[in-house]
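Enquirer: If you scroll down you'll find the structure; I have some questions about it.
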Amino acid sequence: MIPNTLRLPVRILPQPDETTCGPTCLHAVYDYWGDDEALDAVVDRTGRLEFGGTFAVFLACDALRKGYRATIYTYNLNVFDPTWFTPGVDIAQRLQQQRERKPDTRLQRATTGYLEFLQLGGRLRQMDLTRSLIQGILRRKQPLLTGLSSTYLYRTTREFGPNDTPDDIRGLPAGHFVVIAGYDLERRKVLVMDPYQQNPYGRSHQYWIGIDRVIGAVLLGIVTHDANLLVIHPRHRPQQAIP
C-alpha cells in the first residue's frame with residue numbers, strides 16, 4: 001500500500017553565501033546517508049563556475065568520486081537532444097560532437113562535466129517529470145537534489161546586475177538548488193529543504209509547497225542551465241525500478 005505521506009529525515013544547513021546552494025544541498029544528501037563531512041570541505045572541493053554557482057553534474061561527479069551511485073534525470077534540451085535517449089545512441093559521442101559545433105561557454109563547461117560524469121559511471125535518464133516519478137523515488141527513501149528556477153519557485157522578481165538586485169524590467173531569472181525530502185499525496189505537496197536563508201517560505205529552511213509548482217520550477221531550470229533531478233545513494237543500495 002502506498003503511504004499518503006512520507007518524510008525523509010534530511011537536515012540542511014544555511015548556505016554560506018549566495019552561490020553555494022548546490023554544495024550545501026549535496027552536503028545535506030551526504031549527511032542523510034551518514035557521511036559525516038564538514039560543509040566547508042564540500043564547498044571547497046566542488047568549487048564554483050567563473051560566472052557563479054555550479055551545475056548539478058559537478059555535484060554528481062563529486063558523489064561518484066566518493067563512491068556513491070548517481071543518476072541524473074535531465075530536462076535540459078540545451079544540452080541533450082531527446083533522440084539521444086534511445087537504444088544504441090552513444091551519448092558521450094554526441095556530446096563531444098555537439099561541443100565541437102557549439103561554442104557557447106556554459107554549454108562547453110556543462111559538456112565537460114557530463115563527459116566526466118559518464119566516464120565515472122553516472123547514469124543519465126530522460127523520463128516525463130510527473131508526480132509519480134518524484135513520489136516513486138522518494139518511496140525508495142532517496143532524497144532528490146534538484147536544480148530549478150528560484151524565480152518561479154518563489155514567485156519573486158527577476159534579478160539584475162552583479163548584486164542580484166530585484167528588477168522586473170532589466171532582471172533575468174535566477175537558478176537555485178534545493179532537496180526534495182517528502183510528499184503529501186492528499187494535499188499534493190512536497191517537502192522542500194532549502195538552504196537559502198532569505199527564502200520566502202520558511203526560516204527553518206524547510207517548507208511544504210505544491211508539487212506542481214516544483215515541477216514547473218524544475219522544468220524552467222533550463223533557463224539557467226540545469227532543469228534536472230539528481231539522485232545519489234550508496235553503492236550497496238541497488239537502484240530499484242520506479243513503480
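Enquirer: Considering only segment 1-90, give the helices (runs of 4 or more DSSP H) lying wholly within it that have at least 1 residues that are in contact (Cβ under 8 Å) with a residue 40 or more places away in the chain, of a type outside the set (A, V, I, L, M, F, W, C) and buried (at least 20 other Cβ atoms within 10 Å of the Cβ). Let's see the steps before the verdict.
Expert: On the way: elements: 21-32, 39-46, 56-65.
It comes to 21-32.
Enquirer: Taking the condition over 18 Å from the mean Cα position of the chain (by Cα) and over 26 Å from GLY67 (Cβ atoms), does ASP194 pass?
Expert: On the way: over 18 Å from the mean Cα position of the chain (by Cα): no; over 26 Å from GLY67 (Cβ atoms): yes.
When the stated conditions are applied, ASP194 does not pass them.
Enquirer: Hey, another quick one. Of the conditions (1) at pLDDT 95 or above; (2) in contact with a His (Cβ under 9 Å, 6 or more places away or on another chain); (3) farther than 26 Å from ASP104 by Cβ, ASN199 clears all except one; give me its number.
Expert: The one condition ASN199 does not meet is (1).
Enquirer: Also, I was wondering about something else. All but one of (1) closer than 14 Å to ALA56 by Cα; (2) modelled with pLDDT under 95; (3) not charged (D, E, K, R) hold for THR74; which doesn't?
Expert: Failed condition: (2).
Enquirer: Are there strands (runs of 3 or more DSSP E) fully within segment 138-243 with at least 1 residues that are surrounded by 22 or more Cβ atoms within 10 Å (Cβ to Cβ) and free of Cβ contacts under 8 Å to residues at least 40 places away in the same chain? List them.
Expert: On the way: elements: 144-149, 175-184, 189-193, 206-210, 228-234.
It comes to 189-193.
Enquirer: Also: State the number of residues belonging to segment 172-209 that are touching a Ser or Thr at 6+ places or on another chain (Cβ under 9 Å), farther than 23 Å from GLY53 by Cβ and of a type outside the set (D, E, K, R).
Expert: Of the residues in that region, 3 qualify.
Enquirer: So which residues in segment 105-119 are loosely packed, with under 14 Cβ neighbours inside 10 Å and either in a loop (DSSP other than H, G, I, E, B) or modelled with pLDDT of 95 or more (or both), if there are any at all?
Expert: Going residue by residue through segment 105-119, those that are loosely packed, with under 14 Cβ neighbours inside 10 Å are 105, 108, 119.
GLN119, the sole residue that qualifies.
Enquirer: Let me ask something else about it. Of everything in segment 202-228, what is of a type in the set (Ser, Thr, Tyr) and either modelled with pLDDT under 95 or farther than 21 Å from HIS27 by Cα (or both)? Give them in sequence order.
Expert: Here is the first cut: in segment 202-228, the ones of a type in the set (Ser, Thr, Tyr) are 204, 207, 224.
SER204, THR224, listed by residue number.
Enquirer: If LEU26 passes every condition in (1) modelled with pLDDT under 95; (2) within 22 Å of VAL223 (Cα to Cα) but one, which one does it miss?
Expert: (1)
The values are calculated or read from the model by the stated rules, or taken from the named source; none is laboratory data. Worth saying up front: this structure is predicted, and the values here are computed from it rather than measured. Heads up, the Cβs are rebuilt from the backbone with ideal geometry, glycines too, and the neighbour counts pull from every protein chain shown.
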